[in-house]
Structures are given as structure tokens and as C-alpha cells.
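The values are calculated or read from the model by the stated rules, or taken from the named source; none is laboratory data. Note that this is a predicted model, so its numbers are computed, not measured. No Cβ is skipped: glycine too gets one built from the backbone with ideal geometry, and neighbour counts run over all protein chains shown. Please note that ligands, DNA and RNA were not included when accessible areas were found on the heavy atoms of the full protein model with its side chains. Shrake-Rupley method; radii C 1.70, N 1.55, O 1.52, S 1.80 Å.
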Amino acid sequence: MLLFFICIGSLLLAYKFYSPFVERQAGINPNAQTPQTRFDDGVDYVKVHPVKAYLIQFLNVAGVGPIFGPILGALYGPVALVWIVLGNIIGGAVHDYFSGVLSIKEDGKSLPEIAGHYFNVVFKGVMLVFTAMLLFFVGVVFIMSPAGLLSNLDFFEGTIFAHNAFWVLAILAYYFFATLLPIDKIITKLYPLFGLLMIVMTVSIAVALMFNAPQLPALSEIKGIFDHNHYDNVLLAPNPDGLPIWPLLFVTITCGAISGFHSTQAPIMARCLTNEKYVRPVYYGAMMSEGIVACVWAMAGIAAFPGGYVELKEILDQGGPGMVVNQVATTYLGVAGGIMAIIAVAIFPITSGDTAFRSLRLTIIDAFKIPQSIRNRLLVALPILVIAYFMTKIDFSLIWRYFAFSNMLLSTSVLWLATKYLFDRGTFHWIVSLPAIGGTCVTVSYIMTAGIGFGLSQSLAQPVGIAVGVVSLIALILAHQKRKGADKSEAEA
């Protein structure tokens with residue numbers, strides 16, 4: 001129980017004391033005109049109150065990510081909580097914050113355009129490919145998962161609503177309108193309410209678990225996981241399936257810790273904020289909130305089942321994390337919990353899917369300088385959704401693997417982009433460059449072992465990933481020393 005309170009307290013303290021330090025490095029100017037003020041177009045550049053913007057950003061980046069991922073990560077034990085908190089504070093929160101800073105500083109543009117400005121056309125092209133790929137896969141995943149869950153609900157049995165194809169088409173139809181319509185027609189009206197619902201659900205589950213859960217993680221369990229007398233290799237400490245912590249835990253739990261998908265959502269609210277001072281509460285605040293959600297559901301996976309990890313594994317094998325959400329919510333919250341569980345596993349992913357396709361439209365329009373007419377928006381969005389429909393026929397697990405890699409690679413790329421931004425400003429770039437190096441290690445290790453990559457053994461992949469990280473660190477130190485020398489020479493001149 002103490003471990004859980006330490007995790008939540010750490011996230012809150014990081015927002016209170018660390019985020020202002022991060023903000024000071026970013027060059028926020030409360031007197032600067034924002035993109036919304038300069039480009040108000042009634043479609044994407046629309047004034048949104050900062051509280052609404054926070055709730056929308058929170059829901060855009062959250063969906064079911066900080067619910068499903070931590071439930072799966074709970075199979076690794078309490079170390080999942082530790083990763084969520086450290087990943088969020090060191091990597092995820094600054095990643096999301098600088099995604100917002102860079103976008104609002106660059107006219108609300110998408111990240112590939114910003115990458116081209118700070119690096120070169122090659123880096124812009126790489127970012128464009130992986131941003132578009134990630135957004136597309138997120139959209140497809142969030143058609144398939146809610147459609148499957150809704151079609152399998154008991155009270156739809158024997159009706160047209162029990163057919164997966166019906167829900168696929170219904171969700172696609174919603175995505176079509178949500179992608180095309182001005183942001184203040186659907187998103188700014190409904191999403192703050194859904195964001196509040198996620199907060200209510202999270203608090204309710206946390207309180208119920210604290211008073212009723214049969215087993216809560218203790219600090220002593222962390223020591224057991226990293227005990228060299230118990231495992232041959234600390235980086236290979238397995239879960240019940242024998243899967244290694246490095247790098248798989250960091251891929252399993254992304255939302256709540258660090259997720260490249262979040263950076264793709266940054267331009268949506270960056271085009272709607274009326275003052276740069278709102279970037280920290282909206283972006284950093286939303287990611288900190290998502291970390292709390294992730295901690296609650298990791299705790300639920302660890303503590304809510306009398307049979308421990310074995311029982312959790314059996315439920316996951318039967319119905320995936322959606323069944324875990326349903327059992328936890330109905331067990332601890334009754335009928336109200338069951339209703340919130342259905343919304344969590346069905347409605348929340350849809351709210352992330354539609355903003356993924358909207359962001360993909362914005363990314364393409366930015367990349368090719370396409371005017372924002374309704375005809376052009378239609379010509380961009382319609383082919384994307386048609387292709388997405390046919391992609392729903394492909395094996396879900398294959399799409400998820402490509403999504404996982406794209407997510408990791410993009411988050412690392414954004415951290416390197418933020419490093420360049422702070423490096424050029426001459427401020428404390430280590431707050432993003434060190435997480436960028438860590439992300440590079442994880443990304444390289446993962447692609448070296450993954451079936452979609454090189455398929456190497458852990459014993460080979462781990463040293464390669466670490467070696468690449470060390471080389472990156474050395475290169476960064478040399479560049480840092482070179483800049484200090486240049487600054488000294490300028491000062492003397």
C-alpha cells in the first residue's frame with residue numbers, strides 16, 4: 001500500500017516542483033500571440049478554455065492505453081508501478097510538454113514539419129513516415145478493439161449489434177464526421193465530459209481497491225524482483241510467462257509512462273490555446289494525470305484478484321484486459337462500475353481513434369501545404385478511412401506489433417527533437433537528452449529482438465542497444481563541450 005502512495009505522491013510532487021523547472025528551460029512567453037490568435041479559421045484554430053483543453057488533451061492521449069497497458073504490465077509485479085512513475089517523470093511528461101511547446105511555438109504545426117525546421121529534410125521525412133504510420137495504426141486498432149468488445153456484449157446477442165462488421169462500419173462513420181467537422185462541433189463539446197468520467201472512474205476504483213483489495217503491493221516485493229539470488233540476470237527478471245523486463249515491460253506499458261502517440265496529438269490543442277502559459281497545465285498536467293490512471297490500473301491488476309498473477313493471467317487469456325476491466329469495475333463498483341467499464345473499453349478508445357485520424361489529416365495537410373477547404377479535407381480523409389476499413393481484416397496482433405515499434409521510435413525521435421530545441425537555446429537540455437538516450441537503448445534492443453525486426457536473442461540484443469546508447473551519450477557530451485567552447489569564445493570576443 002505504501003508503494004502505491006509513494007507512486008502517486010511522486011507524480012504530484014514532480015508536477016509541483018519539477019515541471020516549473022522544465023518550463024523555465026522552454027522559453028515560454030505569456031505575452032506572445034498564439035497560433036489560435038493569428039490563424040483563427042473556425043475549423044482547427046478555435047479558441048478553447050484551458051480547463052477544457054486539459055480534459056480534451058487528457059482524453060486524446062489516454063483512451064484505454066493507461067488502462068490496458070498497465071493491466072498487462074501487472075504480470076511483471078510491482079516493478080510495473082515503478083516503471084510507470086519513473087518513465088512518466090523522467091520521460092513521458094517532458095516528452096508531452098515539449099511536444100506542446102514545439103507545436104505552439106511553430107504555428108501549431110505537426111511534428112514532421114517542426115523536425116524539418118530544426119534538423120533537415122531527411123529527418124522530416126523519417127518523422128513524417130513514422131508519424132503517419134503510427135496515427136494510422138492507432139486509428140485501425142481503435143476501430144478493431146471497440147468493435148470486437150461491443151459486438152460481444154451479452155445484451156446484444158441475437159441482434160444486428162452482435163455483428164462485428166456493424167460496429168466497424170458505425171465507428172468508421174463516426175470517424176468520418178469527427179475527422180472533417182470543425183473541432184468545436186463534437187470534440188470540445190463531448191470530450192471534456194468523457195475526460196471527467198475517466199477521472200471519476202479512476203478515483204472510484206482506487207478508493208475501492210484501497211478498502212477492499214485482498215492483496216496490495218509492498219515495497220519489499222520490489223526487492224524480491226531485483227534480487228540476484230532469485231534471477232540470473234536483473235534485466236531478464238521474468239513475469240509468469242518468462243518474458244523479460246528489458247525491453248518488453250517498456251513496450252507493454254507505454255501510455256502512462258511514455259508514448260510517441262501523444263506527440264501526434266499535440267497540434268490539436270496547440271492550435272486552440274490562447275496563451276503559452278497554458279502549455280504546462282494542459283500537456284504536462286494531462287500526462288501526469290495519465291500516469292495516475294496507469295498506477296491505479298496496475299495496482300488493480302496486481303491486487304484485485306485473490307489468486308494473484310495466476311488468476312490475472314487466466315482472465316487475460318480468456319478475454320484480454322477488457323475482461324479484467326469489467327471484472328474489477330463490476331466487483332468493486334457494482335452496476336455503476338459495469339456501466340463505466342463498458343464506456344472505458346468501448347467509448348474511450350473511439351475518442352483516441354478519431355483524434356488519431358484527425359491528426360493524420362492535419363499531418364498530411366501540413367506536409368503537402370494543402371489549403372483547408374472542406375473539399376480538400378474530404379479528399380484527404382476519405383481514402384484514409386477506406387484503407388483503414390480494409391486494414392481491419394488483417395490480424396490484430398500484427399498491426400499491434402507495428403504500432404508498438406512506431407510508438408517507441410516516435411517518442412525517442414521527439415525527445416531528440418526537444419534536445420535540439422533546448423541545445424539551440426543554450427538551456428539545460430539534459431532533461432530531454434538523457435531520456436532520449438534511454439529511449440534509444442530500448443528502441444534498438446526491441447527491434448533487435450522483435451519478430452518484425454532482426455529476431456536476435458536477448459544476449460545479443462541487449463549489448464547492442466546499450467552500446468548504441470553509450471555512443472549517443474558520448475556524441476552528446478562532445479557536442480555539449482563544443483558548444484560551451486563556442487559560447488566562451490563569443491563571450492571573450
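Between ASP41 and TYR389, what's the calculated FRET efficiency when r is the beta-carbon distance and R0 is 41 Å? Round to 0.05. For ASP41 and TYR389, the calculated efficiency is 0.90. In whole percent, how big is the carbon plus sulfur part of the accessible area of the chain, probe 1.4 Å, protein atoms only? C and S atoms contribute 68 percent here.
Projecting label points 7 angstrom from Cα along Cα→Cβ for SER489 and ASN164 puts them 6.3 nm apart.
Listed peptides 13-25, 48-60 appear in the order 48-60, 13-25 once ranked by packing, highest mean of other Cβ atoms within 10 Å at the front. Per-residue 3J(HN,Hα) values for segment 425-431, derived from phi via the Karplus relation 6.51 cos²θ - 1.76 cosθ + 1.60 with θ = phi - 60°, read 6, x, 9, 6, 6, 5, 5 Hz in sequence order (x marks Gly and Pro).
Only helices enter this figure: runs of n ≥ 4 DSSP H residues, each worth -39500 (n - 2.57), summed and divided by the residues of the chain, yield -23500 deg cm²/dmol at 222 nm to the nearest 500.
Candidate cross-link partners of LYS369 among the lysines, defined by an alpha-carbon separation under 27 Å and a same-chain spacing of 8 or more, comprise LYS47, LYS105, LYS109, LYS124, LYS185, LYS420.
Working note: Karplus 6.51/-1.76/1.60 with θ = phi - 60° gives segment 154-166 the couplings 4, 6, 9, 4, x, 10, 4, 6, 7, 9, 4, 4, 4 Hz, where Gly and Pro are set to x.
At each listed q (0.09, 0.18 Å⁻¹), what is the log10 of I(q)/I(0) that the Debye formula gives for segment 19-145 modelled as equal alpha-carbon point scatterers? So the normalised log intensities are -0.35, -1.35. So what does GLU314 come to for accessible area, using a 1.4 Å probe and Å² rounded to 10? Roughly 100 Å² of GLU314 is accessible to a 1.4 Å probe. Where the centre of each part is set by its Cα atoms, how far does segment 1-80 sit from segment 265-344, in angstrom? The distance from the Cα centre of segment 1-80 to that of segment 265-344 comes to 14 Å.
3J(HN,Hα) couplings calculated from phi for segment 79-86 with the Karplus curve 6.51 cos²θ - 1.76 cosθ + 1.60 (θ = phi - 60°) are, in sequence order, 4, 4, 4, 5, 5, 4, 5, 5 Hz; Gly and Pro show x. Compactness ratio for segment 441-493: Cα radius of gyration over 2.2 N^0.38 Å (N = residue count) comes to 1.76. Ellipsoid semi-axes for segment 288-339, based on the Cα gyration tensor and the rule √(5λ), read 17, 15, 10 Å when sorted largest first. So, in Å, what gap is there between the alpha-carbon centers of segment 428-473 and segment 140-180? For segment 428-473 versus segment 140-180, the Cα centre distance is 38 Å.
Entry comment: accessible area of the chain is 40 Å² per residue, from protein heavy atoms only and a probe of 1.4 Å. Counted residue by residue at 0.36 nm each, then reduced by the alpha carbon distance between them, the extension gain from ARG425 to VAL207 reaches 74.0 nm. Here MET448 sits with roughly 40 square angstrom of accessible surface, probe radius 1.4 Å.
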